[in-house]
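Report on the following structure.
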Amino acid sequence: MSDRHHPTAKELEQFASGELDDVLAIMVSVHLGQCHRCRDRVELMQQQQAEQLSALIPPSEFGDDELARMLNRLEDAPSEAPAAPKPTEMEFQGRSIALPPALAGLVDRAGPWSRVVNRLWSAPIQDHQRDYQLNFIYMEPGGSIAAHTHKGKEWTLVLDGTFSDDSGDYGPGDLVHCSESNEHSPRSEKGCLCLAVIDAPLHFTSGLARALNPFSQLFFKTGG
Ligand SMILES: [Zn+2]
């Protein structure tokens, strides 16, 4: 994985401290389920945050005895591991795709699938609190999206299958960032299901596709 496949350092930091908004937190947690490197970094950040927090508590607050009693209570607490949450299922084109449990809420809120263009499908996700356009996107095998840049930011989390663009190949768990500076034309040989978050409409740049720019509005509307 290159750096473009992972959450940014800032996003990991915000995730570790619980400051990342709910939508991006879901995307990052799905990524962490697949990426040791980022999981280790988040654990380290959380340890450091806990140490900083305990350093803030003045020593006079807890007498040694009291602290020992508190630690004992924590150790005595039942340590049963909670049952692992079940994966959530998404039905699409006659097949059922198992998705990470963190996505259950989004799958429940996804609207009907509709064909955006040729081999590209989208299912909008309603009721989110932010100005994001949030969609499940499915590219059929051989599908592609015309070259475009972004007026804002785009996060694409690969859920199933693979896609490629000018800078690389992406598989399940990869979180791809795009912004104004990235022009790309994603394509998928074998089909790909993604969760895509856009905070402003796409802006198409290539020849024929420029005529499709109204499509960017259409595409954007599918989210909300
Ligand atoms: Zn990672």
Filter result (of a type in the set (Gly, Ala, Ser) and away from the ligand (no atom under 11 Å from the Cβ)) within region 19-46: ALA25, SER29
Do you know which of the residues in region 49-78 that are under 40 Å from the mean Cα position of the chain (by Cα) and among the small types (Gly, Ala, Ser) is modelled with the lowest pLDDT? ALA77
Looking across region 1-18 at residues that are in a helix (DSSP H, G or I) and farther than 26 Å from SER164 by Cβ, the single one that is nearest to the ligand (Cβ to nearest atom) is PHE15
If you go through region 178-196, how many residues are assigned to a strand (DSSP E or B) and either out of contact with any His (no Cβ under 9 Å at 6 or more places or on another chain) or of a type in the set (Ser, Thr, Tyr) (or both)? 7
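The values are calculated or read from the model by the stated rules, or taken from the named source; none is laboratory data. Computed from a predicted structure; not experimentally measured. When we count neighbours, we look across all protein chains shown, and the Cβ atoms used for this are built from the backbone with ideal geometry, even at glycine.
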